[in-house]
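Each remark here refers to the structure printed beneath this line.
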Amino acid sequence: MFCPKCGKEINDDAVVCVNCGCSVKKEPEKSQEYDEPKTGIGVLLGLFLGLIGLIIGICMYPEGTVARNTFIKAWVITFLVTGAVAFILILIFYFVGMAAITYI
Ligand SMILES: [Zn+2]
């Protein structure tokens, strides 16, 4: 590899450049890149399970009954509240993660 500071060719395993003495240690890959897809999968799984719950609920209650309407209302409220909370948490974790990367 080549020293990022002086450009001189150095050993691939070198920690410091033999020419200028600057640190050439490779930075470990940030785990943040791997966390983001997991968050996306979690959100998709939540949406998927929520929709399955809605479908099961609709199948359980006969059409036009009070129980069915109540169930749908309750489901929509729960879904919106859960979605809003999840969205806020994702935003918080995102900004905390970005701040952590900036200060490291
Ligand atoms: Zn150098």
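Only the coordinates and a few stated rules stand behind these numbers; no lab work does. These figures come from a predicted structure and were not determined experimentally. Using ideal geometry, Cβ is built from the backbone for each residue, glycine included, and neighbour counts are taken over all protein chains shown.
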Next item on the list: Kindly state, to the nearest 0.05, the FRET efficiency for Val85 paired with Glu63, given R0 = 22 Å and r defined as their beta-carbon distance.
Entry: 0.10
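Can you tell me the FRET efficiency between Cys22 and Ala100 if r is taken as the Cβ-Cβ distance and R0 is 25 Å, rounded to the nearest 0.05? Intermediate values should be presented prior to the final figure.
On the way: r = 25 Å, r/R0 = 1.01.
In this case the efficiency is close to 0.50.
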Check: Using a simple spin-label model with points 7 Å from Cα along the Cα→Cβ vector, what separation in nm is obtained for Thr70 and Leu49?
Finding: 2.5
